[in-house]
Amino acid sequence: MRRKVFRPMTRIATFLRPVPVATTALAAVTGAWIAWTPVAGADTAEQPGTVVDLVARTSPAVVTVLATQQAADDNNGPAVSPFGEGSPFDEFLRRFGMPDGQPFGQPQGPQQEHPQGVALGSGFVIDHDGYIVTNNHVVDNASSVKVRLSDDREFDADVVGTDQQTDLAVIKIDANDLPELTLGDSDKVRVGEDVIAVGNPFGLGGTVTRGIVSAMARDIDAGPYVDFIQTDAAINRGNSGGPLLDLQGEVIGVNSAIYSPNGGSVGVGFAIPSNTVKTVVAQLRSGGAVQRGRLGVSIQNVTPEIAAAIGLDDPHGALVAEVMPDGPSAGKLQTGDVILSFDGKRVESSRELPKLVAAAAPDARVSVEVLRQGEDKTIDFKVGKFDSERTASNETGPKHESGAASEKLGATLAPVTPAAREQLGLDDSLDGVVITSLDGTGRAADAGLEVGDVILQVGDTTVRTPGDVDHALRAAKANAVLLQIDRHGSRVFVGVKLA
């Protein structure tokens, strides 16, 4: 099966073959005629000229962003991300290469004509005094940035602030009385709604495409702080940072990434929702950086099996798998707590919690509702400050000792011996029971347990031998039981059905 390829749009300028003017004009006229043709019985049929007037009103606020990068002396050095170290798009490039098949870290385009790399992107004015929104990956690490307006005037731009976590940036030019766009309310956007993308694809400034909202809250593995708007409006390299508009002319998203097997548009584009943009841009303008709150816990989803094991009727919330000893939650939250709400906002899934926490100001006092051992509790504590430099390292071992069979789980279990600690890279203080083999049709395999997982608890019972595991399973009164395990150094909960 071919793997999906999500590509950030635009890095080095690409030279295109000239397009016959007559063909372009015909396509534009044909597209406009189709767009204006009324649909019989439609409740919201557009009046002729609606889209044309909207484009005429909004396009002057859309700009071309040119970010200059010093070209490397040669192409043999180590691969360096053009989007900045730590960018959420680095993994895309490492796995799939640059657009047009260029290897990660190598320059793209005719280098003999461009001794310096030039990132061509888009942006839009949000303040008539010259503040412009674009993507972080367009301007990151640029030696200089220029902005070209729709009337072909060019200005040097200063980078006011960037945020790699959401791939947003604010730049400013020394200009006044510029046309500006308004950020709309992306929470009100509905699937199927008509949208328009304006930008600079392949260097063709002022390009307008039309489509619909294909999906909301898309997770494209670009970090925990953005749920993207998906659209089929044609978006290509160069559209990065340009606006996605509704038919009222308000910005509902910032075009940022595409799914593409070949670097071109296949009708699957992604935009950062405007409500995310509002929050980030406000902080970038005021302080040049984004401050995010931090809980200091690792979390996971509450599956139906886990919900059944802990007595939660409606599977929702975020299950605390581990509490960092030096984090703001230490001494407040406990492993096994299910966070049901944060600062008065219900937590539907573990993916929602990081965005809620990030939106809280560091040092703010908040209330968290948790389910702890079957009882609801409200806990008050001070939010910490997110540290983007924090990383986690995992170690695995190649071998596992054989042990006693657990028919209840469908797995072979062994105690954690000194040899197992060394093979698995376990801390000396960790005690438990390691899974050495699995029956592919057993309960453990069905629950997602893996060879090498170390079972720490079965329900409320701490286990150190295979016999402890079986005894705790037989004592379970519910149709499911919650197991706490250590997987590659991280604490995880797994719900196992027993009947």
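The values are calculated or read from the model by the stated rules, or taken from the named source; none is laboratory data. The structure displayed is predicted, hence computed values, not measured ones. Methodologically, a virtual Cβ is constructed for each residue, glycine included, from the backbone with ideal geometry; neighbour enumeration extends over all protein chains shown.
A quick yes/no check of all residues on (1) crowded, with 17+ Cβ neighbours inside 10 Å; (2) among the charged types (D, E, K, R):
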site	(1), (2)
SER260	yes, no
VAL268	yes, no
ARG285	no, yes
GLU305	yes, yes
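Do we have SER274 as polar (S, T, N, Q) and farther than 20 Å from PRO201 by Cβ here?
yes
Looking for something surrounded by 19 or more Cβ atoms within 10 Å (Cβ to Cβ), free of Cβ contacts under 8 Å to residues at least 40 places away in the same chain and either closer than 18 Å to GLN334 by Cα or among the basic types (Lys, Arg) (or both) - is there at least one such residue anywhere in segment 465-481?
No, segment 465-481 has no match at all.
From the list ASP232, ASP156, ASP194, which residue is surrounded by fewer than 16 Cβ atoms within 10 Å (Cβ to Cβ), of a type in the set (D, E, K, R) and either touching a strand residue (DSSP E or B) at 6+ places or on another chain (Cβ under 9 Å) or more than 22 Å from THR50 (Cβ to Cβ) (or both)?
Answer to the selection: ASP156.
Of all the strands (runs of 3 or more DSSP E) wholly in segment 130-171, which have at least 2 residues that are more than 23 Å from ILE252 (Cβ to Cβ) and either outside the structural domain of VAL280 (by TED's automatic domain parsing) or of a type in the set (Gly, Ala, Ser) (or both)?
none
With GLY223, GLY205, GLY199 as the choices, which residue is in contact with a strand residue (DSSP E or B) (Cβ under 7 Å, 6 or more places away or on another chain) and either crowded, with 21+ Cβ neighbours inside 10 Å or on the phi > 0 side of the Ramachandran plot (or both)?
GLY199
Does segment 134-157 hold any residues that are more than 19 Å from ALA197 (Cα to Cα) and in contact with a helix residue (DSSP H, G or I) (Cβ under 7 Å, 6 or more places away or on another chain), and which are they?
Answer for segment 134-157, where residues must be more than 19 Å from ALA197 (Cα to Cα) and in contact with a helix residue (DSSP H, G or I) (Cβ under 7 Å, 6 or more places away or on another chain): just VAL145.
Which of the following residues is within 19 Å of ILE132 (Cβ to Cβ), touching a Leu at 6+ places or on another chain (Cβ under 6 Å) and in contact (Cβ under 8 Å) with a residue 40 or more places away in the chain: VAL198, VAL170?
When all the criteria are applied, what remains is VAL170.
Working only within segment 368-404, note down all residues that are out of contact with any strand residue (DSSP E or B) (no Cβ under 8 Å at 6 or more places or on another chain) and at pLDDT below 85.
Correct list: SER388, GLU389, ARG390, THR391, SER393, GLU395, THR396, GLY397, PRO398, LYS399.
State yes or no: is GLN248 farther than 23 Å from ALA169 by Cβ and out of contact with any Pro (no Cβ under 8 Å at 6 or more places or on another chain)?
Yes.
Would you please list the contacts, defined by Cβ atoms under 7 Å and residues six or more apart or on different chains, that run from a residue in segment 290-306 that is more than 27 Å from LYS278 (Cβ to Cβ) and outside the structural domain of GLN165 (by TED's automatic domain parsing) to a residue that is assigned to a strand (DSSP E or B) and among the basic types (Lys, Arg)?
So the pair list comes out as SER298/ARG491; GLU305/LYS497.
Does GLY296 qualify as being at positive phi and not basic (Lys, Arg)?
yes
Determine whether segment 409-427 contains at least one residue that is touching a Lys or Arg at 6+ places or on another chain (Cβ under 7 Å), of a type outside the set (S, T, N, Q), within 18 Å of ASP468 (Cα to Cα) and free of Cβ contacts under 8 Å to residues at least 40 places away in the same chain.
Within segment 409-427 (the criterion being touching a Lys or Arg at 6+ places or on another chain (Cβ under 7 Å), of a type outside the set (S, T, N, Q), within 18 Å of ASP468 (Cα to Cα) and free of Cβ contacts under 8 Å to residues at least 40 places away in the same chain), the answer is yes, since at least one residue qualifies.
Within segment 458-499, which residues are of a type in the set (Lys, Arg) and either in contact with a helix residue (DSSP H, G or I) (Cβ under 7 Å, 6 or more places away or on another chain) or part of a helix (DSSP H, G or I) (or both)?
Within segment 458-499, ARG474, LYS497 meet the criteria.
Give the residues of segment 262-289 that are in contact with a strand residue (DSSP E or B) (Cβ under 6 Å, 6 or more places away or on another chain) and either free of Cβ contacts under 8 Å to residues at least 24 places away in the same chain or among the aromatic types (Phe, Trp, Tyr) (or both), sorted by residue number.
Matches in segment 262-289: PHE270 only.
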